[in-house]
Amino acid sequence: MSKPVINTIIVEDDAASVALLTEFLKSFPLINIIGKASRYKEAADLIGTLSTEIDLLILDIDLEGANSLDLIKLLREKPKTDILFVTSFTEFAVKAFEYNTIDYIVKPISFERLSKALSRIGSVDESTASGAKQEVVKDVNRLAFSNMILMNINNEMKFIKISDINFIEAKGNYTNVALQDGTKFVTYGLIKVWEDKLPLEDFFRIHRSTIVNLHNVLKIEKGTYDTGILYLKGESNPFEVSRNYFSIIKNKFKLTSTL
Amino acid sequence: MSDQSVSKASIDYTLLSQFAHDTRGPFNGLLGFSELLIKQFDQLSAAQQLDYLSIINQQAIRSYVHTQTFIAWVKCISNNLKILPVTVDSGEFMAALLKLIQPEMSTKEIDLQTQIMAKTTTSDLSVLPLAIANLLNHCLKYATAGIQINLDLLNNEGKAQLIASCTNPETKAMVQPEVKRWLDSASQNPVIQLFYVVLNAHQATITMDDDERTFFKLIW
């Protein structure tokens, strides 16, 4: 199965702004730039002739004197296209949101502002949001390893560092959260919520009921029936790595077949 | 507040909005690429670092042009703009002008050919190159990328004559209507208001229909 991508077109007449957007978008692997245009006619031709579905149109308002809002009329046959305005004009914001607009960013644009805007991809019409769009939303909304979250621990609100989480275990509609210092507490919510929020590079699901902090993994031994036994720093009892997740771990981290 | 002052405030706001819009463009590259440099400096190759720095430099020049234009315009409407044309070396005049149009030239990969046939010119170096740069930058905005543009500074019976032309009549046909429209919109554009004030102070005249390759001819 091919990797889902967000096919994106950038319509912008300022070369430095195009270069900047291109650099910023490199941090979003699912964003696939399929075309760029700097003039109205060039953009109209591009939109009109592309056979590929356009998932995202990043649009400047003023294209060397022409108003790019007219371009949106050409998208009528492409209703799934989300539009992100990046412009120096402030006065078109209200008009812009009459369309399938996910955000209206006034220059100068920052990486954080762009990230926030991209997190809205697919949110304009949930029913038409593709899997790829939802993936981008998920990725953009992920917490960073250095982030802090506010948790209710035994009726006290406390800030927890994501990096301090050792492992998370599912208990029905609740999850047990264990910190590296041995503190354990229960939170309401499915383990899937944590899986979608925790940073992918630092946490990994090893079982339908367990997510572990990869930085604290001491070793993984081979178990029975292609399962694994994982030892985590600070925990005397090992964790079972289910067959499916063990296979994913081996592929992802390129473990050899010696296990 | 009288009706007249309300009306004046409204006009000024339109002009200020135009400046605000023009300024956001270069600041986008200036802030964005400096942010990238700060965050990713160690991961970038030397070539990438140089690319980013070049973009920052170009955007800084564009920003400088906008800011200087704005300051001159504010001085102008408050009757504080002093334009003092003096005899200057033509090479120095051309260098001041080229510095201000360098980002647009570079972005459009223009092959710029200059010719200086006048030893000196009478000019206020702080505002005349700025006014001409704004006009040239507007021409470049509509010019096709990669073309050759000639900028000739001549001496015509004691007067300076600056001719901006291209080698391709199609480019001239594309650029001229846009530039004429721009020059006709002085009431909504402070850059053009300043342009005409500076031209008047130098007793300069501009023509645009000399031949099929000349963008404009400026005589002062």
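Shape call for the protein assembly as shown from the C-alpha gyration tensor, a ≥ b ≥ c root eigenvalues: rounded (a/c under 1.5), prolate (a/b greater than b/c) or oblate?
prolate
Given springs between every Cα pair under 10 Å in a Gaussian network model of chain A, which of A:Leu150, A:Leu74, A:Leu59 has the largest fluctuation?
A:Leu150
Please report the antiparallel percentage of the DSSP beta bridges confined to chain A, to the nearest 5.
65
Pull out a ≥ b ≥ c, the square roots of the eigenvalues of the alpha-carbon gyration tensor of chain A, then state rounded if a/c is under 1.5, prolate if not and a/b is larger than b/c, and oblate in the remaining case.
Prolate is the answer for chain A, as a/c is 1.5 or above and a/b outweighs b/c.
Cα gyration tensor of chain B, axes a ≥ b ≥ c as square roots of the eigenvalues: rounded (a/c below 1.5), prolate (a/b > b/c) or oblate?
Since a/c reaches 1.5 but b/c is at least a/b, the shape of chain B is classed as oblate.
Under the 0.36 nm per residue contour assumption, what length would be gained going from the current alpha-carbon distance of B:Glu92 and B:Gln188 to full extension?
Full extension of this stretch gives 31.3 nm more.
Calculate the mean, over all residues of peptide A:103-112, of how many other protein chain Cβ atoms lie within 10 angstrom of the residue's Cβ.
Going residue by residue through A:103-112 and averaging, the value is 4.
Hey, rough spin-label estimate for B:Ala60 and A:Asp70, points 7 angstrom out along Cα→Cβ, what's it come to in nanometres?
Rounded to a tenth, the inter-label distance reads 3.9 nm.
Helix check for chain B. Which DSSP H runs span at least 20 Å along their own axis by Cα, with a mean Kyte-Doolittle hydropathy no less than 0.5?
Passing helices, by number: B:128-142.
With springs connecting C-alpha atoms under 10 Å apart, model chain B as a Gaussian network and identify which of B:Ala96, B:Ala47, B:Ala204 has the largest mean-square fluctuation.
B:Ala47
Would you tell me the mean number of C-beta atoms belonging to other protein chains that fall within 10 Å of each C-beta in A:16-22, as a whole number?
Mean partner shielding for this stretch: 6.
Where both residues lie in the protein assembly as shown, what percent of DSSP beta bridges are antiparallel, nearest 5?
About 70 percent, rounded to the nearest 5.
Calculate the mean, over all residues of peptide A:90-99, of how many other protein chain Cβ atoms lie within 10 angstrom of the residue's Cβ.
Mean shielding by partner chains, rounded to a whole number: 1.
With the crude spin-label approximation of a point 7 Å out along Cα→Cβ, what separation in nm comes out for B:Leu112 versus B:Asp210?
Distance between label points: 1.8 nm.
Relative to the present Cα-Cα distance, how much length would full extension add between A:Phe253 and A:Ile149 at 0.36 nm per residue of separation?
Stretched fully, the A:Phe253-A:Ile149 segment lengthens by 34.6 nm.
Every read-out reported here was derived from the displayed coordinates using simple, explicitly stated rules and does not represent laboratory data. It should be emphasised that the depicted structure is a prediction, and the values quoted were computed from it without experimental measurement. With ideal geometry, Cβ positions are generated from the backbone for all residues, glycine too; neighbour counts draw on all protein chains shown.
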